[in-house]
Every structure is written in C-alpha cells, then in structure tokens.
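As structure tokens, the structure follows; a few thoughts come after it.
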Amino acid sequence: MSRDEHGPEGGPERTFAALPPARGRGFARTWWGRAWLAALEDAALEAAAVKAGRRLARAGEVGALTVRPGRVTAVVREPKGTAHRADVLLPELSEQEWDRFVDLAVEQAGHLAALLDGDLPSHLIEDAAVRGIELLPGLGELEPECDCGAWDHCGHTAALCHQVARLLDEDPFVLLLMRGRGESTVLRELHQRSTAPPDEPAAPGEPYEAEGVDAAEAWAAADILPALPALPAVPAAPGGPPSYDAGTAPTPAVDPVALRYLAGRTAQDAHRLLGRALGNGGPGEPDHRAPTAAEDVVRLADGTVPDAVAERLAEGSGRGREGLATAVRAWRLGGPAALAVLDEEWPVQGAALARARAALDSAWETGERPSFRPEGNRWTVPDEGVQLRLGPDGRWWPFRTEGGHWVPAGAPDRNPATALAAARPAPQAPVPRGA
C-alpha cells in the first residue's frame, strides 16, 4: 500500500504484506526495534506468552499487518490452524506534543536529515523525552486486544509485536504513524517548519504548495540559457593524505602507517582515473574487472612502501620479500596478465602447440634457432639461462635467471625472437686497455 493511502475512516493507514518466517535471525537489529520488544517484555505478565509469540512469529504465522494511528492489527494463526485477530494499541501524541516534536526535529539539521534518510536518531528520542514527548512505548503503553479472550498479552499479540519490531527496523515512520502521524504528513510539516520565515510559522496540517517553473517554459528557455561551465582541469598531482597523528595511542586494530599509505594510494588511483575520464589519462583501456586479493597485494606493493607495510604485504601475499619484488616487477610490465604468466603454468597442446612451434621456426633462419626445452608454456634455453613463456593471447614473455630464480626481463612480443633478445643480457662494453 502507498505511504499516503487512507483507511476506510479517512485517517492514515498502511498495510504490510505478511513477513516471511524469521528462522535463524533476531527480530530487531536497530536500537528502536529492540526498545519496542523491551516494552512488550515489560508489559506482559507472563513470560510464557512472550515466548509463544516469538515462536509463532518465527514460524511465519502472522498475516498482513495494518498500521493506523493508535493501533496495529493482524491475523495470527496457531499451529493447528485456528486464526485470531490480534490488536496492539499505543496512545497517540496530542497536537501540542506533535508541534513540539516537529520544532525539535528541525532545530538540528542532523535530526532532520536522519529522519529523511529513514533513521531514528537516539538523540532525537532523548531530546523529545526531555520535553515530555515519548515516542517509544513506555511501561504499560502496549495495550493488547485479542479475540482469543485473553485479558493480558497472549501469544497472538506477542507474535504481532515481534513482527512490528521487524517493520520498525526497516521503517521507523511506522512508529510515528502509530503515534498519530503518517509519513507524508510528518515530512510535509518538517518541510514547512524548516522553510517558513521565522515571523510566519506554518500551521500544522496546512497544505504545502511548492514553487516551481512550468515545464513548457523551462523547455522553451533551453536555447537561451548560458552554456555549462567547462570541466575543471585535472590537478597536476594527487593530493596527499591527511595526518593521522592524533596524539594518542592508536587502536590496536588500526595501523596509522598502513592507513596513511592506503589513503595515498587511493588518491593516486583517483587522480589516474580522473585523468582518463577527462581525456588526459594514462595508457591502456580501463580494466573494469575487480582485482583478486593476490593481484591487489602486488598492486599495493608497487611504489615507495614503508618498511612495516612492505613486511605485512610480503607476509600476507605468501611470497616473501624477494618473491613479492619479483611479482611487482612483473606487474609493472603487464599488470594481471604478466602476474598470471609469472605464477601459472599450463599445457600447450593441439592447435596452440602447432602455432607456437610455427612461430619459433619462422622467427630464425635455418640453423640459427636456439635449442629450446619446452615444459608446458615455458620454453627454456638451458645453456643461456633465458626462457620464453607463452601467454594465453599468443604473446611471448621474456624471462631470465637471477639469483637462481626466474624473473621477467621485459615486455611481451608476438615475435619470439624479439622477446628472446630482451631476455638475453646486454653485451658488456669492452674495457679500454689500461683502464
């Protein structure tokens, strides 16, 4: 039902479809939902009735809920199929109390913004209570009515209260409706009170007429409106992160050095993406694929990293300092694709193997081709300590041995001879005689 729909008697009313069973979860996540259940437990004389109601609500035995000022109603079924109409009554606020509540809500921008965002600030409830306005139910205010004949809260009204707590979690305006005002009325009065001149306060309930421009007039004036301002230029460099030195010992779970480094890297990435969006950007097309955790660790390690952060990254990646340095080297050459070629080995078979051999045969003249030892996608020249690795896209990545480990030696190339030349160490210049 619409938030603005009215019941048969003309007053505000909202009907909610029956909620699904609540097995394996609590009935209230918000503090105001828990306060509602606390009021039920305080009002019920028999704890057994509260437990029976919780079981019925958890099993999904509460039908559609109808909420109107001062009352919430639903049909509750027992396990054997007997249905009972259950009502829970809550006193409405007086006109004077509503006036004071609206004035209080608009006094602080935070209160008003929270209400418009579907939140019920605890400070607003506390401030309202100080002024004698009780929004949450107090002791004995949740009055039960049930056709089962119980004079106090029974399992049926307790089940209804548990479902109301779930509704309040999602929409605190349900509580305001039970106290006498529908959401549209509350928002209209908040808007009127917050925008009315100080010497001409808007009367509660007075129709609100918003000022605006006729759509046809706005369309006709489109050609004479000034042009939009030019986009701002991309800053020359990303901004630095703020200082996190609060003069007190940091929380054990927070590392200020790591936090500052992450903030700085985020600023660098934002600067790069902004430049790309405005046409001044860096090389390549944007990669919209979310990086894996393993890739993100290497990305974060690419730069001037504080020692403590570098140690955490090396340990978290499982590579160690030396292995992480090799991974960063690959990342700089080709990002995720280069990292996959560094870490992964796959078999080259069938047509892919035939294409690889043909590329190797055509890259050198007869008798000049090096002697390769193929193992999967890795083709090694044992006598030279160099290697070509075939990527899934058909490009060859050059590798060489350094310190007993294979490390990337350059960018990939479609021509294996070009890639192998990058893997071979550059010839040393002859030392002049007598030097």
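Measure of size requested: the Rg and Dmax of segment 25-180, with Cα atoms as the atom set and Å as the unit; please supply both.
15.8, 53
Quick one: which of 304-311, 347-354 comes out on top by average Cβ neighbours within 10 Å, and what's the full order, highest first? Can you show the working numbers first?
Working: 304-311: 13.6, 347-354: 11.6.
The peptides rank, most packed first, as 304-311, 347-354.
How long is the gain from GLU344 to ALA270 if the chain were fully straight, where each residue apart is worth 0.36 nm and the alpha carbon distance is subtracted? Let's see the in-between values first.
Values: separation 74, 0.36 × 74 = 26.64 nm, distance 3.06 nm.
Taking 0.36 nm per residue and subtracting the Cα distance, the gain is 23.6 nm.
Hey, what do the phi angles of segment 357-372 turn into as Karplus ³J(HN,Hα) couplings, whole Hz, using 6.51/-1.76/1.60 and θ = phi - 60°, x for Gly and Pro?
5, 5, 5, 5, 5, 7, 7, 10, 5, 4, x, 9, 5, x, 8, 9
Rounded to whole Hz and in sequence order, give me ³J(HN,Hα) for segment 169-180 from the Karplus expression 6.51 cos²θ - 1.76 cosθ + 1.60, θ = phi - 60°, writing x for Gly and Pro.
Listing the rounded values in order: 4, 7, 8, x, 5, 4, 5, 5, 5, 5, 7, x Hz.
Cα atoms only: what Rg and Dmax, in Å, come out for segment 318-369?
Rg, Dmax (Cα atoms, Å): 15.7, 45.
Can you give the FRET efficiency for ARG369 and ARG332, using 1/(1 + (r/R0)^6), R0 = 35 Å, r = Cβ-Cβ distance, to the nearest 0.05?
Values: r = 30 Å, r/R0 = 0.86.
For ARG369 and ARG332, the calculated efficiency is 0.70.
Any read-out appearing in this document is the output of simple, stated calculations on the displayed coordinates, not a laboratory observation. Note that the structure is predicted; figures quoted are calculated from it, not measured. Positions of Cβ are generated from backbone atoms using ideal geometry, with glycine treated the same way; all protein chains shown enter the neighbour counts.
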